[in-house]
Amino acid sequence: MSGIAGIIHFDGRPVEPGQVEAMTAAMHYRGPDGINHWRRGHVALGQCMLRTTPESLEETQPLTNEDQSLVLVMDGRVDNWEELRRELLGKGAVLRTRADAELVLRAYEVWGEDCLHRIVGECVFFIWDARQQRLFAGRDAAGARHFYYHQGRGWFAFASEIKGLLALPQIERRLNESRLLDYLVPEFDRDDEVGTFYQDVLRLPAGHAMCVTAAGPRAWRWWNPDELTEQKFASLAECTEAFMDQLRVAVQCRLRSIKPVGAMLSGGLDSSSIVGLISKEFRGELREPLRTVSLIREDRNNCPDWRSIDAILQADPWLQPTIVTSAHVDAVWQDLLDSIETLDEPFALSHGLTYGITYEAARQAGCGVVLDGMAGDVLFYSPGRTVIELVRRHRYDRVPAALAAWRNHGLAGGPKEVLRAALANAMPDALRAWVRQRRDERQLGAGTLKALQPNVALPYLASKRTAAYMAGDRQQAANDQAAHARNFTGGLISFAHETYGPLALARGVEPRSPFSDRRMIEFAIRMPLAAKLAIPWYKQVLRSGSAGMLPTSVCWRSDIGSHPGWTFFDRLTRNIAEQAPAAWDTPTVATALEKWANPAEVHAGWSRFCQTGQYDAGVRAYGLLMLSRWMASRAGQSVG
């Protein structure tokens, strides 16, 4: 996970000396293996190098072609590098190295903008095309890598992190109030795929490309999974075999590493299946045993996750485990506070606690690469989504089986969910919109919205009431593939990568996500509906396919248990509560946010949590407190 940056003056003015160097210096920790720059008059590019693959040892960036008419900077990997290399050689391309970056540069030479369809990997890149005087950029389908950009008058700048752009004094640090409110209302924190906490800093959504010329930037979606068609299989067993073959490809290509490889092991099916595959089939790909990192509750005897983790570890002593209990949260509390001023946005403070602890444990275990189970949940339909899909298709004959599966997973409220889905499906659009609006208005007096000032909450909700939002689950799609594709084009997965990725990078760890592989996602979208539904089991294809690689008790685990992330979060908020008199001045916090939040409600919510430990109140107060801390760390920087 390297870092990239660049400035282009389309009006012909030369880039001032030191500007791109300041951008890369702001992200210096992304370049432990060197920082290099390329400048020609009105164009300046920079790259911070983190080498993790054998091929990266041959890589130097910024990378030019022979006559320097093309210059590339890239962050990430090409995971179909062998296939792409063969294609390029077949087209007559001359490859000087084995580096992934050269494959991308040559792919652009051969196919132009269409090169994005040929490249599979976790990567973003920019190519300056001097002949056409344009900048071309692409972001991978799942958004595993990202960048930020600023469009000025006659000039354009980009960087892997916001702080890289803010190193340029001409970019103002004006607060984007809409994104701040997205943070405070979790229902909407993933909706905006373009905005950031800064008005003048934007993102390119996952699966998009961008072309920048003197006329300005033009962005478009290059990856269109909603156009995929269903793949036919003779049986569910055949589909399962094909699914596992695709997972093998996604895992194996992510084991290229010159550094020790680790993997998250939560005890859930996604991370466990990755560890199981490596343990049974790919240990020969690694020079050292796989290092696993697990978070569990302190009382491990009553921790369902620990029972699964322990079963996997007992089955293969080759694995080298690191076990972190919720007691460790006390040790990272001060580190969390110290890191606030380094974070470009505060989302990691509220969403990334457990990931930050995991990556720190991986760093201490010597890992340079960590595989995770990100996106595994959305490859299949959850028990709740299964009910919705059946009712939407009027398949009431299968609802009893869905309810049985609901009970298989220890969930409550199944019949209620069926009734809710049925009513939502039958409700006329106008009535549905009215019901949803009434629900929003009721929330003004409760929950997160209660903490907002009424003059802020009402306009904010009005701005979010798009046609798609008002339709909710009723949104119609042409087919199941188009409906499933929305899981990957709505910002959910890319938001997670944007939030967790920097936490890993700050610790010198590169995250890799097999379930975010474009080939894996496309296979899942194309699977028959029967393979996606949680009948009789959620993720039944992955469960069946993992048999023989994982202990039976893990494959067919029926208890969901209490997710360790919530345990860690609860411990953290209680830690804050204990330190409240010394570490937190709630009136001051409330004042800092009084333009958007109701000071009395903030104070009352925090007091209620300190006195009673009421969890919901603690979550809301914690979010406000961390936001205020983040904003205070930027005092004097024109944020707010």
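The values are calculated or read from the model by the stated rules, or taken from the named source; none is laboratory data. Source: prediction; values computed, not measured. Here the Cβ is made from the backbone with ideal geometry for all residues, glycine too, and neighbour counts use every protein chain on show. Ligands, DNA and RNA are excluded from the accessible area calculation, which covers all protein heavy atoms including side chains. Shrake-Rupley method; radii C 1.70, N 1.55, O 1.52, S 1.80 Å.
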Can you give me the relative contact order of the stretch 122-161 as a percent, contacts being Cα pairs under 8 Å and 6 or more apart? 32
For the stretch 141-163 and the stretch 488-544, distance of Cα centres in Å: 24
Skipping prolines and chain starts, which residues have an amide H placed within reach, meaning under 5 Å, of the one on Glu510, given they are 5 or more residues away or on another chain? Val369, Val370
To the nearest 10 Å², what's Glu341's accessible area with a 1.4 Å probe? 130
Dipole of the stretch 159-281, positive direction: furthest Cα of Val194, Ile162, Thr240, with charges on the beta-carbon: Ile162
Please calculate how many Å² of accessible area the stretch 335-389 carries per residue, with a 1.4 Å probe and no DNA, RNA or ligand atoms counted. 28
Might you work out the accessible area of Glu281 for me, using a 1.4 Å probe with all protein chains in place, and round it to the nearest 10 Å²? 80
Could you tell me which trypsin sites (Lys or Arg not before Pro) in the stretch 242-335 are loop residues by DSSP with no more than 10 other beta carbons within 10 angstrom of their beta carbon? Arg287
Starting from the Cα gyration tensor of the stretch 141-205, take the square roots of the eigenvalues, sort them a ≥ b ≥ c, and report rounded, prolate or oblate (rounded when a/c is under 1.5, otherwise prolate if a/b is larger than b/c, else oblate). oblate
From the Cα centre of the stretch 36-102 to that of the stretch 268-315, the distance in Å is 35
Excluding ligands and nucleic acids, what accessible area in Å² is computed for Glu82 using a 1.4 Å probe, to the nearest 10? 110
Here the stretch 527-537 yields Karplus 3J(HN,Hα) values (6.51, -1.76, 1.60; θ = phi - 60°; whole Hz; Gly and Pro given as x) of 4, x, 4, 4, 7, 8, 5, 7, 9, x, 9
